[in-house]
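Have a look at the structure below before the remarks.
The values are calculated or read from the model by the stated rules, or taken from the named source; none is laboratory data. Predicted model only: the values in this text are computed from it and were never measured. Ideal geometry is used to build each Cβ from the backbone, glycine not excepted, and the neighbour counts take in all protein chains shown. The area values use the complete protein model at the heavy-atom level, side chains included, leaving out ligands, DNA and RNA. Shrake-Rupley method; radii C 1.70, N 1.55, O 1.52, S 1.80 Å.
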Amino acid sequence: MSESTNQSWGGRFSEPTDAFVARFTASVDFDQRMAQHDIRGSIAHATMLAGVGVLSEEECDTIIAGLKEISEEIARGEFEWSVALEDVHMNIEARLTAKIGITGKKLHTGRSRNDQVATDIRLYLRDEIDAIDAELTRLREGMLGLAEQEADTIMPGFTHLQSAQPVTFGHHLLAWQEMVARDQDRLKDCRARMNVLPLGAAALAGTTFPIDRHVTSALLGFDRPTENSLDSVSDRDFAIEFTSFASLLMMHLSRMSEELVLWTSAQFDFIDLPDRFCTGSSIMPQKKNPDVPELVRGKTGRVYGHLMSLLTLMKSQPLAYNKDNQEDKEPLFDTVDTVRGCLRAFADMIPAIRPKSANMYASASKGFATATDLADYLVRKGVAFRDAHEIVGKSVAFGIEQGRDLSEMTLEELRKFSDTIDADVFDVLTLEGSVSARNHIGGTAPNQVRAAAQRARESLAAHA
């Protein structure tokens, strides 16, 4: 092979790759983040090759020692990456050969860069999923702690962003927690489907060497080897599924961010975010901007774009591996980085939220939030619901005209709309009475909020 051609595939080429094409097709600038995973996979592969007699024990020990030295060089930042060697795999293999000689060239026996990169990505993403899972747990714990603390704090509940019925801040936080719990379940499912080993599929059709893929699978902590060599090297479903999970998670974080932004505004003034999660204005000295939730809201579109990128990348590819698949890594890597950053910010920020309970209560007192409770009261007195709905509608119209809430009307005024109404009506027209009356699983009663939080804690502990 000519020294001017690539070491891994240049044998059939008569001229070197164009310098621009070499840079254009190289991936080492971004796939080097998988270096430690590549080394882990190579150590397992060498161990298996020795076990089946393809490598001698001495060759295996020499290869593993060399790979561990390279791992330390990379960790110390001393490793020299070369674009001419295209990718993380060939950079490490070339360095190994330089360190231990011809034995280093034997490492690639029985595998291809196709199954090697498919393995590296899974090893990398599995570690990242575990780190993200830990952040999701931390976020949920923060939500549950604040929900229990604020189980009695009354605030308005909204539909169409209009005051609907009173709830509690704790109940609202548990709604957020439910979103994140579903996200965590999806992530767990994604990890389980991803945790199969493609190594051994080689380029696309397997290998003639007597490899034992179950051994390699066990060494690397996979559940089992993949079943089909063609699919093994070309499958990127796991990356798409992870990015789909990430898109749903970011959508949920964005919805929460929108509420945080609204609640910190002067018009709502429901909560205070600590200064460390906010910034000021370069011209308006009074400003305290909720930059963390705003930025999380903005980063959501970035992750959506990565999902569409990966779906589009795969939509027209024939089996098996194609160079297109080099484009899977940057969207995936950026999705991982974005999700981890947003989760860290939220997990730090949520427990630090300080509700302004008096403002929340005052807001819940507006907008006739207990109108449904009055309708339910009338139904319990024997009035048909549709008739009760009309009675309450007329009561609200009177309240709008008078500028008074239902709870501020006299009994005589309320009885103008139905003589079924008695003095006990004021028990259901108060915000406290309204919230406490919905005393069932999923309801707003403070004892139900605390019970729901406890069940969520138990579920979280089981997940771990």
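What do you reckon, is T335 of a type in the set (V, I, T) and within 29 Å of L161 (Cβ to Cβ)? Lay out the reasoning, then the answer.
Values: of a type in the set (V, I, T): yes; within 29 Å of L161 (Cβ to Cβ): no.
Answer is no for this residue.
Which one is modelled with the lowest pLDDT among residues in segment 288-323 that are among the basic types (K, R) and either out of contact with any Cys (no Cβ under 9 Å at 6 or more places or on another chain) or in a helix (DSSP H, G or I) (or both)? Spell out how you get there, then give the answer.
Taking segment 288-323 as the starting set, the residues that turn out to be among the basic types (K, R) are 288, 297, 299, 302, 315, 323.
Those left that are additionally either out of contact with any Cys (no Cβ under 9 Å at 6 or more places or on another chain) or in a helix (DSSP H, G or I) (or both): 297, 299, 302, 315, 323.
On the way: R297: 97, K299: 98, R302: 97, K315: 97, K323: 94.
So, considering only residues that are among the basic types (K, R) and either out of contact with any Cys (no Cβ under 9 Å at 6 or more places or on another chain) or in a helix (DSSP H, G or I) (or both), the one modelled with the lowest pLDDT is K323.
For segment 205-222, how many residues meet the condition of being under 15 Å from L107 (Cβ atoms) and open to solvent by less than 10 Å² (accessible area, probe 1.4 Å)?
1
Which residues, counting only those in segment 417-445, are assigned to a helix (DSSP H, G or I), of a type outside the set (G, A, S) and open to solvent by 20 Å² or more (accessible area, probe 1.4 Å)? Talk me through it step by step, then tell me what you get.
Taking segment 417-445 and keeping what is assigned to a helix (DSSP H, G or I), we get 423-429, 431-437.
Restricting the remaining residues to those that are of a type outside the set (G, A, S) gives 424-429, 431-432, 435.
Result: D424, F426, D427, V428, E432.
Write out, first by first residue and then by second, each pair whose Cβ atoms fall under 9 Å of each other, whose residues are 6+ apart or on separate chains, and whose first residue, in segment 18-35, is without any contact (Cβ under 8 Å) to a residue 24 or more places away in the chain and at negative phi while the second is in a helix (DSSP H, G or I) and not basic (K, R).
Pairs that qualify, where the first residue is without any contact (Cβ under 8 Å) to a residue 24 or more places away in the chain and at negative phi and the partner is in a helix (DSSP H, G or I) and not basic (K, R), are D18/F24.
With respect to R457, is the statement that it is among the basic types (K, R), open to solvent by 60 Å² or more (accessible area, probe 1.4 Å) and under 43 Å from the mean Cα position of the chain (by Cα) true? Break it down into steps so the answer makes sense when it comes.
On the way: among the basic types (K, R): yes; open to solvent by 60 Å² or more (accessible area, probe 1.4 Å): yes; under 43 Å from the mean Cα position of the chain (by Cα): yes.
Yes: the conditions hold for R457.
In segment 154-197, how many are buried (at least 18 other Cβ atoms within 10 Å of the Cβ), part of a helix (DSSP H, G or I) and either at pLDDT below 95 or not hydrophobic (A, V, I, L, M, F, W, C) (or both)?
7
Which condition does F268 not pass, out of (1) aromatic (F, W, Y); (2) closer than 30 Å to T119 by Cα; (3) not in a helix (DSSP H, G or I), if it passes all the others?
(2)
If you go through segment 118-129 one residue at a time, do you hit one that is out of contact with any strand residue (DSSP E or B) (no Cβ under 7 Å at 6 or more places or on another chain), of a type in the set (V, I, T), touching a residue at least 12 places away in the same chain (Cβ under 8 Å) and not in a loop (DSSP other than H, G, I, E, B)? Let's see the steps before the verdict.
Within segment 118-129, the first condition is being out of contact with any strand residue (DSSP E or B) (no Cβ under 7 Å at 6 or more places or on another chain), and the residues that meet it are 118, 120-129.
Those left that are additionally of a type in the set (V, I, T): 121, 129.
Still in the running and touching a residue at least 12 places away in the same chain (Cβ under 8 Å): 121, 129.
When the remaining residues are screened for being not in a loop (DSSP other than H, G, I, E, B), the result is 121, 129.
Yes, there is a match, as at least one residue in segment 118-129 is out of contact with any strand residue (DSSP E or B) (no Cβ under 7 Å at 6 or more places or on another chain), of a type in the set (V, I, T), touching a residue at least 12 places away in the same chain (Cβ under 8 Å) and not in a loop (DSSP other than H, G, I, E, B).
Of the residues A358, A371, A352, A375, only one is crowded, with 18+ Cβ neighbours inside 10 Å and under 30 Å from V261 (Cα atoms); which?
Working: A358 fails: crowded, with 18+ Cβ neighbours inside 10 Å; A352 fails: crowded, with 18+ Cβ neighbours inside 10 Å; A375 fails: under 30 Å from V261 (Cα atoms).
Just one listed residue meets the conditions, A371.
Could you check T300 against (1) without any contact (Cβ under 8 Å) to a residue 24 or more places away in the chain; (2) touching a helix residue (DSSP H, G or I) at 6+ places or on another chain (Cβ under 9 Å); (3) closer than 22 Å to L173 by Cβ and say which number it fails?
Result: T300 passes all but (1).
Name every residue in segment 291-335 that is open to solvent by less than 70 Å² (accessible area, probe 1.4 Å), under 20 Å from M250 (Cα atoms) and among the hydrophobic types (A, V, I, L, M, F, W, C), in order of residue number.
V292, V296, V303, L307, L310, L332, F333
Look at K381 and say whether it is exposed (fewer than 15 other Cβ atoms within 10 Å of the Cβ), farther than 30 Å from E141 by Cα, among the basic types (K, R) and in contact with a strand residue (DSSP E or B) (Cβ under 8 Å, 6 or more places away or on another chain). Let's see the steps before the verdict.
Numbers: exposed (fewer than 15 other Cβ atoms within 10 Å of the Cβ): yes; farther than 30 Å from E141 by Cα: yes; among the basic types (K, R): yes; in contact with a strand residue (DSSP E or B) (Cβ under 8 Å, 6 or more places away or on another chain): no.
No.
Would you pick out the residues in segment 90-109 that are open to solvent by 10 Å² or more (accessible area, probe 1.4 Å) and either outside any helix (DSSP H, G or I) or acidic (D, E) (or both)?
Selection gives E93, H108, T109.
Out of A202, A151, A118, report the one residue that is within 19 Å of F242 (Cβ to Cβ), more than 21 Å from the chain's Cα centre (by Cα) and open to solvent by less than 30 Å² (accessible area, probe 1.4 Å).
A118
I'd like the full set of residues that are in contact with an Asp or Glu (Cβ under 9 Å, 6 or more places away or on another chain), open to solvent by less than 30 Å² (accessible area, probe 1.4 Å) and more than 22 Å from Y304 (Cβ to Cβ), limited to segment 224-247.
The answer is T226, S232, V233.
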